Amino acid sequence: MKKRKLVFVTQNTAPFRMKWLNQLARYFDIIVYHLDDYHESVNRNYLTYIPDAVTVKADYKVRCGRKIFILNHILDEKPDILMLDGYGFIGQMKLIVSLRIRKIPFIVSVDGGIAEPGEKVIKRKIKTFLLNSARAFFSTSEITDAFICRYLTKRRRIYRHYFSSLYRNDVHNVSEQEKNLAKKHLDLMGYFVVIAVGRFIPLKGYDILIRAAEQFDSETRLVIVGGAPTEEYLGLINERNQTKIRFVDFQDKEHLSEYYRASDVFVTATHSDVWGLVIGEAMAYGLPIISSSHCVAAASMVQEGENGFIVTNNAPESYCQKICLLKNDPELCKRIATHNTEKVIPYTIEETVENDLLSLNDYLAGLEKES
């Protein structure tokens, strides 16, 4: 039986997205139109995954210094399903306008969304126009559902998409022996290790974690993985003569895995994260999660006291209190480890694709019913 064609239009080809599409290509003929538009803070070593079952086309034109998708090339594919990865960049917005004028149905995949307090009227109207142009949505959580519905003026199908960077075999119950071996290799033996992972940008709230580390006891260490620290963070550490923090440059999946195995707790103090793939990655190693309330993945996946904690005030002492609680309760950490490796299974790529297949078939059935 001939596969149906799915065209996916995106601003970036991050590994987690391409691995998902590569798995989905078992069921669809997939072509990715890629605008090649990355923020300067994105480490290009991160963008190394090349899918073998998906055709990727970097097909765009540049107008007034901005990259724009070539609509005719996309439509010439005559896809059964057209899916847009987001809606907020100039190229995406122009594409949506063109599709709306031509009454061409499409799905918008929304990774996450956080309502802005005091949102300007014009911005809200633009979002309302763009989102109401879509026929259906892929949404990562109930929080994202609510964000989408905030702008909808008419009923639209919203399908759950379990956003993930994990394969099933990435979920791993770390034994005490494995943890100790990793700690020994990374020169962290004897320490209770708190890990944070992400780019060094102000949004990640590393200044809060650095201040929290001042209150750590002598047996606790904070390891921040993701790049070279800025002068601001180095200055913050030097001011306080801080010795309980280790900065680690960007790590590929294999080496990052060793840091996760060596760790006892995962923490993020992000000021705003529309999802947060690192939450699932840390859960896959059984790590308790301590997160700010501004991370949609944590808000969706963490049950207070059961597999982690949500910090609502983003105060350094609040993070330190939760870290101390876990350090002093190894049995709680063991229970959380079991709970997290079970809870993260639906967020693996294989499970996600099986769920998405049902959603896409339902979407196609709806289009056929309308035609």
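Ordering 144, 348, 74 by the projection of their Cα atoms onto the charge dipole of the chain, which places +1 on the Cβ of Lys and Arg and -1 on the Cβ of Asp and Glu, puts 74 at the extreme positive end. 3J(HN,Hα) along the stretch 355-365: 5, 5, 4, 4, 5, 5, 5, 5, 4, 4, 4 Hz, from the Karplus curve 6.51 cos²θ - 1.76 cosθ + 1.60 with θ = phi - 60°, whole Hz, x for Gly and Pro.
Take the Cα radius of gyration of the stretch 155-194 and divide it by 2.2 N^0.38 Å, N being the number of residues; the result is 2.02.
Rounded to the nearest 500, what is the 222 nm mean residue ellipticity of the chain from helices alone, with -39500 (n - 2.57) per DSSP H run of 4+ residues and division by all residues? Please list the in-between numbers first.
Working: 14 runs with 146 residues, N = 371.
It lands at -11500 deg cm²/dmol.
With each label modelled as a point 7 angstrom along the Cα→C-beta vector, the residue 116-residue 67 pair spans 2.3 nm. Based on the convex hull around the alpha carbon atoms, the stretch 188-245 presents an average projected area of 3.8 nm².
Magnitude of the charge dipole for the chain, about its Cα centre and with charges confined to Cβ atoms of Lys, Arg (+1) and Asp, Glu (-1), is about 1840 debye. Think of the chain as having a plus end and a minus end, set by charges on the Cβ of Lys, Arg, Asp and Glu; of 305, 287, 56, 56 sits farthest toward the positive end of this dipole. Take every DSSP beta bridge whose two residues both sit in the chain; close to 10 percent of them are antiparallel.
Counted residue by residue at 0.36 nm each, then reduced by the alpha carbon distance between them, the extension gain from residue 128 to residue 369 reaches 84.1 nm.
Filter 127/204; 204/334; 94/125; 94/123 down to the pairs with a C-alpha to C-alpha distance above 22 Å, please. Write out the running numbers ahead of the final one.
Numbers: 127/204 25 Å; 204/334 28 Å; 94/125 15 Å; 94/123 16 Å.
In this structure, 127/204; 204/334 exceed 22 Å between Cα atoms.
Across the chain, Cα-Cα pairs more than 34 Å apart make up 31 percent of the total. Coupling constants for the stretch 288-299 follow from the phi torsions by the Karplus curve (6.51 cos²θ - 1.76 cosθ + 1.60, θ = phi - 60°), and in residue order they are x, 10, 10, 9, 5, 7, 9, 10, 5, 4, 5, 4 Hz; glycine and proline get x. What the Cα atoms of the stretch 111-256 give is an Rg and a Dmax of 21.1, 58 Å.
Run down the aspartates and glutamates and flag those whose C-alpha is under 16 Å from the C-alpha of residue 5, throwing out any fewer than 8 positions away in its chain. Of all the aspartates and glutamates, those that pass the test against residue 5 - Cα under 16 Å, at least 8 places apart if same chain - are 29, 76, 77, 80, 356, 362, 368. Between the stretch 51-96 and the stretch 170-244, what is the C-alpha centre distance in whole Å? Cα centroid to Cα centroid, the span is 39 Å. In the stretch 50-176, what percent of the accessible surface is made up of carbon and sulfur (1.4 Å probe, ligands and nucleic acids excluded)? Whole-percent figure for carbon plus sulfur exposure: 53. Eigen-decomposition of the gyration tensor built on the alpha-carbon atoms of the stretch 204-328 gives equivalent ellipsoid semi-axes of 21, 17, 15 angstrom, largest listed first. Proximity of backbone amide H atoms, modeled 1.01 Å from N, is registered between residue 4 and 29 at under 5 Å, excluding neighbours fewer than 5 places apart on the same chain.
Shown here are the Rg and Dmax of the Cα trace of the stretch 92-156, at 11.7, 34 Å.
Accessible area per residue for the chain is 48 Å², calculated with a 1.4 Å probe on protein heavy atoms, without ligands, DNA or RNA.
Using heavy-atom solvent-accessible surface (probe 1.4 Å) with all chains present, what is the largest-first order of 243, 348? Let's see the in-between values first.
Details: 243 100, 348 0 Å².
Listed by decreasing accessible area, they come as 243, 348.
The mean sequence distance of close C-alpha pairs (under 8 Å, at least 6 residues apart), as a share of the length of the chain, puts its relative contact order at 15 percent.
The values are calculated or read from the model by the stated rules, or taken from the named source; none is laboratory data. Owing to the predicted nature of the structure, the values given are computational and were not obtained by experimental measurement. Cβ coordinates were reconstructed from backbone atoms using ideal geometry, including for glycine residues, and neighbour counts include every protein chain displayed. Remember, those area values only see protein heavy atoms, side chains included, never the ligands or the DNA or RNA. Shrake-Rupley method; radii C 1.70, N 1.55, O 1.52, S 1.80 Å.
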